[in-house]
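The values are calculated or read from the model by the stated rules, or taken from the named source; none is laboratory data. These numbers come from a predicted model, not from an experiment. Cβ placement follows ideal geometry from the backbone for every residue including glycine, while neighbour counts extend to all protein chains displayed.
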Amino acid sequence: MNPSTRFFKKKNHLKVTKQRKALLTYLLDHQDQYHDVTLVDEYMRQEFPGMSHNTIYRNIREFEEAGMVEQQMNGDQARVKYQCDFAHMHHHHFICQNCGRVTELEECPLDVFQEQLPGYQIDGHRVELYGLCPDCQKAATA
Ligand SMILES: [Zn+2]
Ligand SMILES: [Zn+2]
Ligand SMILES: [Zn+2]
């Protein structure tokens with residue numbers, strides 16, 4: 001069973017629509033990258049002429065709430081990607097600034113920060129690492 005089938009069966013009782021399936025499939029086909037939400041919107045409107053921006057944005061939000069996709073802001077542009085790790089929904093990323101490839105980081109540094117803030121309640125955090133992936137470094141020196 002692929003993850004999207006499992007999602008529709010068990011979680012959230014979101015109705016399976018052609019549009020929701022197409023959206024997930026699109027994200028799944030490019031799952032190691034973030035995509036500008038505006039480009040996803042464009043793709044969906046090409047596939048489904050007449051589908052409204054509102055519906056597309058709502059579908060993305062529903063998927064995010066269900067943990068199917070991850071979202072991030074790049075300046076004021078929202079970006080979205082397929083969930084990289086259903087077993088560890090909480091994780092961080094290394095993002096290659098050249099090719100955009102996203103690599104999952106398994107360790108969360110929160111414990112280190114908590115040690116430095118004795119008595120504080122930490123309610124959230126964002127950690128993202130940027131740089132060049134090995135392939136892009138090779139290409140740069142070739
Ligand atoms: Zn991820
Ligand atoms: Zn790269
Ligand atoms: Zn963390």
Just one of Gly119, Gly67, Gly131 is within 30 Å of Leu14 (Cα to Cα) and either more than 13 Å from ligand 1 (Cβ to nearest atom) or within 16 Å of the chain's Cα centre (by Cα) (or both); which is it?
Gly67
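Evaluate the range 89-96: report whether one residue or more is of a type in the set (Val, Ile, Thr) and touching a residue at least 60 places away in the same chain (Cβ under 8 Å). Walk me through it before giving the result.
As a first pass, look at the range 89-96 and keep what is of a type in the set (Val, Ile, Thr): 95.
Then keep just the ones that are touching a residue at least 60 places away in the same chain (Cβ under 8 Å); that gives 95.
The answer is yes; a qualifying residue exists.
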Count of residues meeting criterion [loosely packed, with under 12 Cβ neighbours inside 10 Å and within 16 Å of ligand 2 (Cβ to nearest atom)] in the range 80-127
1
Tally, over the range 41-66, of residues that are hydrophobic (A, V, I, L, M, F, W, C) and not in a loop (DSSP other than H, G, I, E, B)
4
If you scan the range 67-126, which residues turn out to be touching a helix residue (DSSP H, G or I) at 6+ places or on another chain (Cβ under 7 Å) and either modelled with pLDDT under 90 or part of a loop (DSSP other than H, G, I, E, B) (or both)?
Met68, Phe86, Asn98, Cys99, Ile122, His125
